[in-house]
């Protein structure tokens, strides 16, 4: 049976992970590769690396990092942040990433999704959607959640899938950072609206939240950052818990 | 030396990394002489069947692959190219395995993306691996079950997760992206 995926997300700045990390035995917790290896050992199903600086001068640092990750990690990984052109995507994929994640650039120029999908295949393109419930509507934001658009999350997800995205990474800005659980309503709506996998993101605080999003919606993966980084939810414990809740996971 | 076939499809780099981690010398190449004399040959692949076949034909690699007598491992698209026919681009493929590659009916999410286990596993590739272990799949087309099927996975319908005939081995999943289980499968192949 196909398993539900657990995906830790690592924020990268100038080639280093940001946010405090409390994996004590790591010699250098700021090194994304060391942290990534730790997650692989713990049973993470995939990894997402988000370059939060994403400036031109950091591109070389990022591609060097991607090359290092690819040489040491034997599970699929996605790289996102500041991918604006087919050339940007090519640089990251040629360095060894399995998938790239698009956000603002796809909103500004949706054809970018098709260009990358036609070149590298749909499975390489993850459309990241940051959405917030405003005026009774789940609207899409861009530029790291700073700029509101008139896109509706469900419509944009459908459009993205039509254009060739292979997966949707759906982040609820209302839930992100709250630790109050995933946004069940929009996760359910989007995962029922498209026939490609949807990854739920934003709001994980307890193991129960993962069980809730997997049992109440059609999402096939859940992503979180701080609960994993700070060791609040160890991945092996989470997977064992989900198994007792009859949710299929890879142990 | 392990030759990894260079052609217009992705993920050769991931395969190279995995083989290197296992301590085997390797090379990504489309040089016919290098491929013929390699100890083993791996055909990786993420891409589209039609254009991949055209590329192999242009380079004369189609006949070379068919003539190989050392162990050969096709991965994902690399496996599908070893079958007879693919619905992807209605492509005549290499015909090593007597089975066809069809598109998944859209009853569930396609591509089949993620970790899945097996209902049947047999043969040298899977020594020491049990059916509850999981490997990483990402594909929209599948090979039908046939006499050469050595692993079956169920998604929408049961399909060939691996094939074997004489010196030809193939997996639909990506051993190079399947964590520790994948490493053991690759190691089984490299130790043949």
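Ordered by the number of other Cβ atoms lying within 10 Å of each residue's own Cβ, fewest first, B:187, B:57 fall into the sequence B:57, B:187.
When both bridge partners sit in region B:2-190, DSSP labels roughly 60% of those beta bridges antiparallel. Going by neighbour counts of Cβ atoms within 10 Å, the residues B:79, A:91, B:53 line up, fewest first, as A:91, B:53, B:79.
With each run of n ≥ 4 DSSP H residues scored as -39500 (n - 2.57), what mean residue ellipticity at 222 nm is computed for chain B after dividing by its residue count and rounding to the nearest 500 deg cm²/dmol?
Numbers: 6 runs with 49 residues, N = 192.
So the helix-based figure for chain B works out to -7000 deg cm²/dmol.
Cα-based radius of gyration for region A:5-244, normalised by 2.2 N^0.38 Å, reads 0.94. Fewest-first ordering of B:133, B:33, A:34 by other beta carbons within 10 Å of each residue's beta carbon gives B:33, A:34, B:133. What separates the Cα centres of region A:175-191 and region A:101-160 is a distance of 17 Å.
Distance from the alpha carbon centroid of region B:46-77 to that of region B:131-174 works out to 18 angstrom.
Taken over the protein assembly as shown, the convex hull of the Cα atoms encloses 132 Å³ per residue.
No solvent, one uniform scatterer per C-alpha: report log10 I(q)/I(0) for chain B via the Debye equation at q = 0.10, 0.12, 0.17 1/Å, two decimals. Debye output, listed in q order: -0.34, -0.50, -1.07.
What percent does the relative contact order of region A:189-251 come to when contacts are Cα pairs within less than 8 Å and at least six residues apart?
On the way: 61 pairs, mean separation 19.6, N = 63.
Computed value for region A:189-251: 31 percent relative contact order.
Under the rule a/c < 1.5 gives rounded, and otherwise a/b versus b/c splits prolate from oblate, where does region B:1-71 land using the Cα gyration tensor? It comes out oblate by the Cα gyration axes.
Pairwise Cα distances in region A:120-251 exceed 27 Å for 18 percent of all pairs.
Step by step: find N for region B:81-124, compute 2.2 N^0.38 Å, then divide the Cα radius of gyration by it. What's the final number?
Numbers: Rg = 13.2 Å, N = 44, 2.2 N^0.38 = 9.3 Å.
My calculation over the Cα atoms of region B:81-124 gives 1.42.
Once you sort the root eigenvalues of the Cα gyration tensor of region B:90-149 as a ≥ b ≥ c, which label holds: rounded (a/c under 1.5), prolate (a/b larger than b/c) or oblate (the other case)? Taking the square roots of the gyration eigenvalues as a ≥ b ≥ c, region B:90-149 is oblate. Between residue A:137 and residue A:118, full extension at 0.36 nm per residue minus the direct alpha carbon distance yields a gain of 3.6 nm.
Throughout, read-outs are computed from the coordinates displayed, never taken from laboratory work. Nothing here was measured: the structure is a model prediction, and the numbers come from that model. No Cβ is skipped: glycine too gets one built from the backbone with ideal geometry, and neighbour counts run over all protein chains shown.
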